[in-house]
Amino acid sequence: MQPGCLYQDCDPATVAWAIAQLGPQPMANLGQAPATVAWRARPSTYVVCSEDQAIHPGLQRVLARRCTATCEWMTGHSPFANKPALLSALLADLTHDVRSAELKNETSE
């Protein structure tokens, strides 16, 4: 896989920055089992990137079924690099939703 497929919709300066951040991953990581899996017990959101050239969007949709919520964006693999405002808005919405649920629980007790 070429690193460029991770950032195909980013400008050249962002691609250069992002590729400079990449490093080797130990193969042992692929064989480890997690001690806990948070998405089984906590709300989770999966962003399907419909233009992704690294992880097929069809596979992403299968993986997303495990999550509480799913959204689909017309982006490549790295919306955090190409569409940071979109990601920031999602995180703000999720934070608001969590805080609203906490306040609702506090008032019902």
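Working carefully through the options R99, R66, R61, find the one that is assigned to a helix (DSSP H, G or I) and touching a strand residue (DSSP E or B) at 6+ places or on another chain (Cβ under 9 Å). Full working, then the answer.
Details: R99 fails: touching a strand residue (DSSP E or B) at 6+ places or on another chain (Cβ under 9 Å); R66 fails: assigned to a helix (DSSP H, G or I).
Going through R99, R66, R61 in turn, just one is assigned to a helix (DSSP H, G or I) and touching a strand residue (DSSP E or B) at 6+ places or on another chain (Cβ under 9 Å): R61.
Tell me yes or no: at least one residue of the range 41-63 is surrounded by fewer than 10 Cβ atoms within 10 Å (Cβ to Cβ), hydroxyl-bearing (S, T, Y) and more than 19 Å from C10 (Cα to Cα).
Among the residues of the range 41-63, not one is surrounded by fewer than 10 Cβ atoms within 10 Å (Cβ to Cβ), hydroxyl-bearing (S, T, Y) and more than 19 Å from C10 (Cα to Cα), which makes the answer no.
Listed here are the residues, each with its yes/no results for (1) within 28 Å of V98 (Cα to Cα); (2) of a type in the set (A, V, I, L, M).
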position	(1), (2)
A33	no, yes
V37	yes, yes
S44	yes, no
G58	no, no
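Residues of the range 16-43 being closer than 29 Å to A69 by Cα and β-branched (V, I, T), which ones?
Across the range 16-43, the qualifying residues are T36, V37.
Every residue, every condition in (1) more than 22 Å from L90 (Cα to Cα); (2) touching a residue at least 12 places away in the same chain (Cβ under 8 Å), yes or no:
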site	(1), (2)
Y7	no, yes
C10	no, yes
L22	yes, yes
A28	yes, no
V47	no, yes
D52	no, yes
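Return the residues of the range 32-63 that are of a type in the set (G, A, S), over 16 Å from K83 (Cα atoms) and modelled with pLDDT of 90 or more; say none if nothing qualifies.
Answer for the range 32-63, where residues must be of a type in the set (G, A, S), over 16 Å from K83 (Cα atoms) and modelled with pLDDT of 90 or more: S44, A54, G58.
The values are calculated or read from the model by the stated rules, or taken from the named source; none is laboratory data. Bear in mind that the values here come from a model prediction, so they are computed numbers and not experimental data. Counting neighbours? That spans all protein chains shown, and the Cβs are built from the backbone with ideal geometry, glycine included.
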